[in-house]
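Only one structure is covered here, and it is reproduced in the block below.
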Amino acid sequence: MNKTSIYGLTFNELEDWFEGKGEKKFRAKQVWDWLYVKRIRDFDDMTNIKKDTISLIKDHFYLESLELHSKQESKDGTKKFLFKLSDGNLIETVLMKFDYGNSVCVTTQVGCNIGCSFCASGLLKKDRDLTSAEIVEQILKVQFDMDDKQTEERVSHIVVMGIGEPFDNYDNLMSFLRIVNSDRGLAIGARHITVSTSGLVEKIRAFADENLQVNLAVSLHAPNNDLRSSIMKINKGQPIEDVMSAIDYYLEKTNRRITLEYILLDGVNDKPEHAKELAELVRDKKKLTYINLIPYNPVDEYIQYKQSEKGAILTFYDLLMKNGVQCGVRHEQGSDIDAACGQLRSKQMKKDREKAKS
Ligand code: SAH
Ligand code: SF4
């Protein structure tokens with residue numbers, strides 16, 4: 001029989017599964033408690049569940065499928081995990097420590113088809129979407145790493161900003177969000193979760209309709225179509241005006257704030273005129289937008305892009321503030337271990353290819 005990962009089921013799906021097998025619904029509550037609260041690593045450790053039921057579970061499901069390939073720790077406490085999937089593909093997951101908690105950055109796809117010109121993840125075309133279980137397991141693996149140290153620490157925040165475009169894997173993303181957010185399991189608060197998209201307009205609207213408290217960030221990176229199309233080819237089919245109108249819909253529907261991400265690339269999009277144009281673009285929604293200025297993390301393959309000068313970053317920031325736009329400059333985490341999106345994976349794949357050749 002073809003088994004699936006038990007981590008891929010939402011609570012309701014597991015309840016339904018038990019019911020379908022003639023078992024009591026409350027088994028789901030017991031099993032989730034073992035999986036996500038006590039965090040067992042072997043089904044046989046579920047001591048309040050009958051042997052027959054455990055056998056039934058084992059006949060249909062497996063537990064872990066990600067294998068730790070390597071782990072790197074930065075001076076600032078950032079940890080980067082490279083995991084091998086059951087089909088041999090590599091993905092990365094990053095843990096960042098902040099004073100407000102432990103935040104995990106998860107990957108949603110193997111590679112990315114959006115192909116932004118500055119991003120290491122787009123160097124390789126998308127091989128496949130991750131399953132909801134594979135996304136959930138990234139959180140669990142990082143949590144297990146903490147559990148093993150017996151520090152009582154927990155993953156308190158999630159950013160969906162690793163490799164891949166989450167809205168290009170929408171259904172699995174939504175299952176993942178429901179699983180990690182559920183009070184019956186890891187109970188990671190929706191307000192502590194942020195999903196970042198390159199701006200798939202239909203999916204921004206669908207996300208607004210979900211009635212969730214999860215935060216949304218949209219990668220804007222440029223204040224006009226010419227510039228945005230030159231660095232993000234997705235802008236050719238889904239231009240800024242469509243993205244902004246989807247954002248308006250989101251704001252109206254949810255009344256939540258939205259984050260716009262803006263990578264600062266030296267000499268490309270970091271000039272004062274760009275800051276002014278950006279302020280103008282968000283003028284009618286200043287109260288509900290926050291612009292996150294991201295210092296570019298250089299990628300070896302893209303010699304054309306450099307991180308903006310400190311002075312240019314400050315001028316950009318000042319101009320936005322002067323125009324009443326709420327913004328901040330993202331603090332770089334783990335840059336000594338290539339913690340930016342897709343970088344460790346792309347380096348490892350390069351090493352593997354070189355090894356294969358020799
Ligand atoms: N695909 C989604 C989420 C993953 S990327 C998206 O594009 O939003 C998460 C963020 O990291 C995006 O804002 C992306 O533009 C940014 N990013 C990609 N490569 C980067 C790099 N080398 N340095 C800094 N930020 C980068
Ligand atoms: Fe994909 Fe996001 Fe990277 Fe663009 S920035 S290539 S959408 S992962």
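The values are calculated or read from the model by the stated rules, or taken from the named source; none is laboratory data. These numbers come from a predicted model, not from an experiment. Heavy atoms of the whole protein, side chains included, go into the accessibility calculation; ligands, DNA and RNA do not. Shrake-Rupley method; radii C 1.70, N 1.55, O 1.52, S 1.80 Å.
Of all aspartates and glutamates in the structure, those lying under 14 Å Cα to Cα from Lys203, and not within fewer than 8 positions of it along the same chain, are Glu165, Asp168, Asp171, Asp242, Asp248. In terms of distances greater than 19 angstrom between alpha carbons, the cross-link table entries Lys29/Lys149; Lys29/Lys50; Lys71/Lys141; Lys29/Lys97; Lys51/Lys149 yield Lys29/Lys149; Lys29/Lys97; Lys51/Lys149. Where the centre of each part is set by its Cα atoms, how far does region 295-331 sit from region 86-144, in angstrom? That distance is 24 Å.
In region 67-357, the DSSP beta bridges split such that about 45 percent are antiparallel, to the nearest 5. Compactness of the chain was expressed as the Cα radius of gyration divided by 2.2 N^0.38 Å, which yields 1.04.
Angle of helix 51-60 to the longest C-alpha principal axis of the chain, folded into 0 to 90 degrees and rounded to 10: 40°.
Does anyone have the angle between helix 240-254 and the longest principal axis of the chain? Alpha-carbon axes, 0 to 90°, nearest 10? Once rounded, one gets 50 degrees.
With only the Cα atoms considered, region 121-203 has a convex hull volume of 110 Å³ per residue. The residues of region 161-256 expose on average 38 square angstrom of accessible surface per residue, using a 1.4 Å probe on protein heavy atoms. Accessible surface for region 16-77, divided over its residues, is 60 Å² per residue with a 1.4 Å probe.
A cut-off of 5 Å between modelled amide H atoms, ignoring neighbours fewer than 5 places along the same chain, links Lys126 with Cys112, Asn113.
For the chain, what % of the accessible area comes from carbon and sulfur atoms, probe 1.4 Å? Here carbon and sulfur together make up 47 percent of the probe-accessible area.
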